Amino acid sequence: MFDTFFGLPLHPFIVHATEVIVPLAAVLVVLTAVWPRCRRWAGYLPLGASLVALVLVPLSTQSGERLEARVGGNDLIETHATLADGLLPWVIGLVVVAGALLWWNIREKRARIAASRESELPVAARPGSRWVPIMLILLALVVSTGTTVQAILIGHSGATAVWTEDMGAPALSGDGDTD
């Protein structure tokens, strides 16, 4: 993988894409889980966004490791790296839930089509299948919340690592003067 992009470290470019796509995928998964109309409209979009996030997370981690090798490490960077290692399992869970939601959406569409042709109860309306959407909603809420919280913690720790005196930036005093 490349280390720089036009002479600049690649990590900030990839990380900013990751910090947009990961929460976007989480929001899409929750919306498709709790709102059937959105689920019918979104189709493959939540799964697609989750898969893009799944690709971006390891790229962010690898480019971060290269940047760390270039600038050196400290406690703040180690905290950031440790938090970053915890995002991939959450995003994998997001992909799994997005796939399950897509499966449920396809199943609902087929049931509606079959019901309109045969005037029988759709599969989604049959007794015993109400637990599936409830479980999908719960899983979507848990995985999306975990993913978003982890992404926020990673972003905050990364910003803290960049914008501290340890990284060479001058400390800001309360009155705007630098000594």
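The values are calculated or read from the model by the stated rules, or taken from the named source; none is laboratory data. Keep in mind that this is a model prediction, so the values were computed, not measured. FYI the Cβ positions are ideal-geometry reconstructions off the backbone, even for glycines, and counts take in every protein chain you see. Calculation scope for accessible area: heavy atoms of the full protein, side chains included, ligands and nucleic acids excluded. Shrake-Rupley method; radii C 1.70, N 1.55, O 1.52, S 1.80 Å.
Using a 1.4 Å probe on the protein chains only, how many percent of the accessible area of region 26-89 belongs to carbon and sulfur?
66 percent
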### Estimated FRET transfer efficiency (Ile106, His16; beta-carbon r; R0 41 Å; 0.05)
0.75
### Message
Need one number: convex hull volume per residue for region 45-124, Cα atoms only, in Å³.
### Response
70 Å³
#### Entry: Spin-label model distance (nm) - Arg37 vs Gln62, 7 Å beyond Cα toward Cβ
4.3 nm
### Query
Got a sec to turn the phi values of region 111-118 into Karplus ³J(HN,Hα) couplings, 6.51 cos²θ - 1.76 cosθ + 1.60 with θ = phi - 60°, whole Hz, x for Gly and Pro?
5, 5, 5, 5, 5, 5, 7, 10
### Query
Averaged over all directions, how much area does the convex hull of the C-alpha atoms of region 1-82 cover when projected, in nm²?
6.4 nm²
## Note on the structure
Two pseudo-spin positions, 7 Å from Cα along C-beta at Asp75 and at Leu138, lie apart in nanometres by 4.1 nm
### Query
In nm, what is the difference between 0.36 nm times the number of residues separating Val27 and Ser129 and their Cα-Cα distance?
34.2 nm
#### Entry: Packing rank of 35-47, 14-26, 70-82, where each peptide gets the mean count of other beta carbons within 10 Å, highest leading
14-26, 35-47, 70-82
